[in-house]
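Remarks on the structure that follows.
The values are calculated or read from the model by the stated rules, or taken from the named source; none is laboratory data. Since the model is a prediction, treat every value here as computed from it, not as a measurement. Cβ: placed from backbone, ideal geometry, glycine included. Neighbour counts: every protein chain shown. Quick note on the areas: whole protein, heavy atoms, side chains included, nothing else; ligands and nucleic acids left out. Shrake-Rupley method; radii C 1.70, N 1.55, O 1.52, S 1.80 Å.
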Amino acid sequence: MDGGSEARASLPAPDSWKILGGLRFALAMIVLFGHLARFVPDRGLINKGLLLLGGLGAAAAVFCFLVISGYSIAHSITVKPQGYFRRRMIRIYPLYFLGILLALLPFLFTASPVHGRGADFPLADPVTIVGNLLMLQGIIVHPINSNAPLWTLGVEVSCYLLAPLFIRAPRVLLLALTAISACAYAAFPKLHLEFYSQLRFGLPLLFMVWAWLGGFVLYLNRTDPRYSTGGLCLGTFLFSTNRAFMTRYSLFTYVASMALILFSSAIRLPKYVLTLLDYGGELSYPVYIFHVPVLLLFYAVLGVRNSLALVGAVLACSCFFYHLVDQPIRHHRIVRRKPAGQPEPVPAVLS
C-alpha cells in the first residue's frame with residue numbers, strides 16, 4: 001500500500017483538528033510571550049507572569065508549528081490534491097502581505113531604529129522588503145527586523161512547494177531527508193552560526209525541515225506506532241542535543257505538543273470547548289503574523305508598557321484582520337468552488 005492509500009485509511013477524527021487548532025493558538029501565544037520581553041520591563045506581578053510563559057520557548061514553539069504544518073499539509077494534499085497551491089496562497093498570503101505593511105507602519109510616526117529592551121528595530125531597506133514580499137527570506141534576503149518572525153514563512157513555503165514531490169517520494173527518501181536535516185540540527189551548536197532567522201542560502205530549511213517532514217511522515221503512517229514513537233523520540237533527542245536558543249522548558253513544549261498530536265483523535269471534549277479551540281486555531285496565524293508589528297507600534301508610537309494592554313492589542317488586531325480579511329476571502333473561495341451540500345474536507349487548522 002502506498003503513502004497516499006495509507007493516508008486515506010482511518011482519517012483523523014474531525015474534532016482532532018479543532019484540538020490541534022487550540023494547540024496552534026497556545027504555541028502562537030508562547031511566541032508572543034517570548035517576544036514580549038523586548039517591550040516590557042521584568043517587574044510587576046503581571047509582567048513577570050506573562051514573561052514567565054515565554055520561558056516555554058519561542059524557538060521550540062516554532063518547531064512544533066512545523067510538525068503540525070507537515071501533519072496537516074499531508075492531510076490536505078492527500079484528501080484534496082486539486083487546488084492545493086491555490087488554497088495555500090489564499091490561506092497565508094493576504095495576511096502575510098498585511099503583516100509586512102504593518103511592520104512598516106511604526107516608522108511613519110517615529111524615527112528608525114526603534115530601541116526596544118535589548119533589541120533594535122530598524123526600518124528595512126527596499127531590497128529586503130521586496131525579498132520578503134516574494135517570501136525569499138532565508139534564501140537571498142534577511143527577514144524584516146520589525147517583523148522578524150516572518151522568517152519561518154520562508155521555511156514553510158519551501159515545504160509547501162516541495163509537498164507534491166514529497167507525497168510521491170519513496171518513504172525511505174523522506175526518512176533519509178529527515179535524517180540529514182536532523183543531523184544538521186544536532187551539529188548546529190558546533191557551527192557557531194547566528195540565529196536561524198539570520199541565515200540565508202536555504203540554511204534555515206536545512207536545519208528545520210526535519211520537524212516538518214516528521215509531521216508529514218507521521219500523518220502518512222499515523223496507524224504505525226513506530227512512527228509515533230520515532231517522532232516523539234527524535235525531537236526529544238534533538239532538543240536535548242542542541243540547546244542553542246532553547247529555554248529551560250522547551251523540551252516540555254515539544255513533548256506536550258507531540259502528545260496532543262498523537263492522541264488528539266482520542267480526546268473527547270464538550271462542544272463549546274471545541275468551538276473555542278477551533279476559533280483559537282483560526283486566530284493563531286494572525287497572532288503570529290501581527291504580534292511583533294503591533295507590539296512595536298504600541299510600544300514606540302503610543303508608549304504602552306503594560307504587558308496586558310500589549311497582549312490585548314495583539315489579540316484585538318488579530319481578530320480584526322481575521323474577520324475583515326482572512327475569513328471573507330476564504331469563505332468566498334469555499335462558497336464559489338464547493339458543490340452545494342458537500343463538506344469541505346480540508347481542516348481549517350492548516351497553517
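At a glance:
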{"item": "Selection from Leu20, Gly55, Ala119 lying farthest towards where the dipole of the chain points positive, charges on Cβ", "result": "Leu20"}
{"item": "Largest-first ordering by accessible area, 1.4 Å probe, given options His142, His291", "result": "His142, His291"}
{"item": "Arg330, Arg243, reordered so the largest accessible area comes first (probe 1.4 Å)", "result": "Arg243, Arg330"}
{"item": "Geometric extent, Cα atoms of region 153-218 - Rg, Dmax (angstrom)", "result": "12.1, 36"}
{"item": "Helix runs (DSSP H) in the chain reaching 18 Å along axis by Cα, Kyte-Doolittle at least 0.5", "result": "14-36, 58-79, 84-104, 151-168, 171-191, 203-220, 250-263, 271-300, 307-321"}
{"item": "Solvent-accessible ranking of Ile68, Ile329, largest area first, probe 1.4 Å", "result": "Ile329, Ile68"}
{"item": "Rounded to the nearest 10 Å², the accessible area of Tyr322 at probe 1.4 Å", "result": "10"}
{"item": "Peptides ranked, highest mean first, by Cβ atoms within 10 Å: ranges 147-153, 33-39, 261-267", "result": "147-153, 33-39, 261-267"}
{"item": "Computed over the chain, Cα set: Rg, Dmax in Å", "result": "19.6, 60"}
{"item": "Cβ-based charge dipole, the chain, positive-most Cα from Leu102, Gln327, Thr247", "result": "Gln327"}
{"item": "Whole-percent carbon and sulfur share, accessible surface of the chain, 1.4 Å", "result": "69"}
{"item": "Kirkwood-Stokes translational diffusion coefficient of region 7-97, alpha-carbon pairs, 37 °C, 0.692 mPa s, µm²/s", "result": "213"}
{"item": "The chain - accessible surface per residue (Å², probe 1.4 Å)", "result": "44"}
{"item": "Total charge dipole magnitude, region 219-308, about the Cα centre, Cβ charges on Lys, Arg, Asp, Glu only, Debye to nearest 20", "result": "220"}
{"item": "Alpha carbon convex hull of region 215-330, volume per residue in cubic angstrom", "result": "163"}
{"item": "Total charge dipole magnitude, the chain, about the Cα centre, Cβ charges on Lys, Arg, Asp, Glu only, Debye to nearest 20", "result": "460"}
{"item": "Of Cys233, Cys319, Cys159, the one that fluctuates the most in a GNM where the chain has Cα springs shorter than 10 Å", "result": "Cys233"}
{"item": "Expected 222 nm ellipticity per residue - DSSP helices of 4 or more, -39500 (n - 2.57), all of the chain, to 500", "result": "-22000 deg cm²/dmol"}
{"item": "Positive dipole terminus of the chain, leading residue within Val273, Leu296, Leu218 (C-beta point charges)", "result": "Val273"}
